[in-house]
Amino acid sequence: MIRSLLLLLFAGFFSAASGQTLKVMSYNIHHGADKNEVLTLDEMGKYIRDSGADIVGLQEVDSMCTRSGKVDQMKRLAEITGMHYAYVRHFAYGGGAYGLGILSKYPISNVKNNRITILPPNPEKPSLAHLTAEIMLPGKRPLLFSTVHLSLNTESRLVQADEVLAQTAGEIPAIITGDMNANPGTAEILKLESRFTETGKNAVFTSPAGKAVKKIDYVMVSKPHLKSVAKSEVHDEVLLSGHLPIISTVRLK
């Protein structure tokens, strides 16, 4: 009995000492609808739950908007998946709000609605959200988790990439997820890759769902903290949104 307990304790210590494996998803959910505007939020929740993802960064999330049936989408996804959640708004929209969300198997704290600049200046919508939160991993190990949706124009994205880097700076491990609206190798992606490793395959496209022709969705891990990428997947059969979900299984140091 004592020997068994010692073995379990040793196994737990070895696991904590040798790093944390996480299954991370980034998914632009297109306000909970497919490309034909058919609402698919519950099916998305079931897909996320069944995927086994530990942490999910979500973009294009509605909260109480008319177009999506006045549903608090993050609350509903949390109910289906059984995960913790966080939400921040870009701005008010359609009787509710439009923004970003996080789902996590682990506790979430220190949620921030950082702002990133839209160019050219727009007094009505001067900025977008960049959601960051601290997630407490097993062994009381903190992780800074981020999800973002960069603008459609290059001028904005170049500034936004610098702002995202500033807002994710720190000593603890950090993961950025998002719809970057930019292909691999562009200046804005290279900016992010100055400090983060892109974990997906550049040749695997994520948008649009059904006939993907470009990669604009990413999962990135801070370089000093990434031990390895065990697997990267894009599920091209999942046509619940206008984008395909991307999942990376990563091991932290």
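The values are calculated or read from the model by the stated rules, or taken from the named source; none is laboratory data. Predicted model, so just to flag it, every value in this text is computed and none were measured. No Cβ is skipped: glycine too gets one built from the backbone with ideal geometry, and neighbour counts run over all protein chains shown. Ligands, DNA and RNA are excluded from the accessible area calculation, which covers all protein heavy atoms including side chains. Shrake-Rupley method; radii C 1.70, N 1.55, O 1.52, S 1.80 Å.
Six or more apart or on different chains, Cβ atoms under 6 Å: show the pairs whose first residue is in region 219-234 and free of Cβ contacts under 8 Å to residues at least 24 places away in the same chain and whose second is basic (Lys, Arg).
Ser228/Arg251
Give me the pairs, please: first residue somewhere in region 21-47 and among the acidic types (Asp, Glu), second residue anywhere and modelled with pLDDT of 95 or more and surrounded by 21 or more Cβ atoms within 10 Å (Cβ to Cβ), beta-carbon distance under 6 Å, and either six or more positions apart or on two chains.
Asp34/Leu240; Glu43/Leu240
The rows are residues; the columns are (1) crowded, with 18+ Cβ neighbours inside 10 Å; (2) within 12 Å of the chain's Cα centre (by Cα).
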position	(1), (2)
Leu143	yes, no
Leu150	yes, no
Asp162	no, no
Glu171	no, no
Ala174	yes, yes
Met180	yes, yes
Gly185	no, no
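Give region 57-84 a look and list any residue that's within 17 Å of the chain's Cα centre (by Cα), without any contact (Cβ under 8 Å) to a residue 60 or more places away in the chain and within 20 Å of Val24 (Cα to Cα), or say none.
Selection gives Val61, Gln73, Met74, Lys75, Leu77, Ala78, Thr81, Met83, His84.
What residue, among those in region 85-120 that are among the polar types (S, T, N, Q) and closer than 21 Å to Leu165 by Cβ, is farthest from the chain's Cα centre (by Cα)?
Among them, the one singled out is Thr117.
For region 195-212, state whether one or more residues are of a type in the set (Val, Ile, Thr) and part of a strand (DSSP E or B).
yes
Give Ser241, Ser248 a once-over and let me know the one that is open to solvent by less than 10 Å² (accessible area, probe 1.4 Å), touching a residue at least 24 places away in the same chain (Cβ under 8 Å) and part of a loop (DSSP other than H, G, I, E, B).
The unique qualifying residue is Ser241.
From the residues in region 101-140 that are in a strand (DSSP E or B) and of a type in the set (Ser, Thr, Tyr), which one is nearest to Ser51 (Cα to Cα)?
Once the filter is applied, the top-ranked residue is Ser104.
Look at Lys201 and say whether it is farther than 20 Å from Pro224 by Cβ and either of a type in the set (Lys, Arg) or without any contact (Cβ under 8 Å) to a residue 12 or more places away in the chain (or both).
Considered against the rule, which asks whether it is farther than 20 Å from Pro224 by Cβ and either of a type in the set (Lys, Arg) or without any contact (Cβ under 8 Å) to a residue 12 or more places away in the chain (or both), Lys201 comes out as yes.
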